[in-house]
Amino acid sequence: MIQMCAILIELFKIYKGLLGIKVESMFEPSTDSRTRGHSLKLEKHRSRLDLRKYFFSERVVNRWNELDEDTVSATTVNMFKSRLQRIRQFKTSFYTDT
């Protein structure tokens, strides 16, 4: 549970450019114009092998795409953390891996 939260925080830092890693080097922004939820969705690639399926860049995409616009549009890391905490209070199944 805590691990998924930490992973989402790291992705937020990458997306905002706080870690010096370009988003495009690890993730592909969604080009689908029918994005529900928020405008910063990421593309999910199909994986034939388990090796690729468990990469950081593939594990986090589903959870990131499930976030709402208010959460991903946070301007600071602390604001993002508090909004994740709010999601955790109301949607506990969000953090469990399925």
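Rule-based calculations on the coordinates, nothing more; no lab input. Just so we're clear, the structure is a prediction, and the values are computed from it rather than from any experiment.
Structure summary
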quantity	calculated
³J(HN,Hα) computed for each position of the stretch 60-74 - Karplus, 6.51 cos²θ - 1.76 cosθ + 1.60, integer Hz, glycine/proline x	8, 4, 4, 5, 4, 5, 7, 5, 8, 4, 4, 6, 6, 8, 4
Under the Karplus curve 6.51 cos²θ - 1.76 cosθ + 1.60, θ = phi - 60°, whole-Hz ³J(HN,Hα) for the stretch 82-87, x wherever Gly or Pro sits	5, 6, 5, 4, 5, 5
Computed lengthening from residue 73 to residue 44, 0.36 nm per intervening residue step minus Cα-Cα distance	8.4 nm
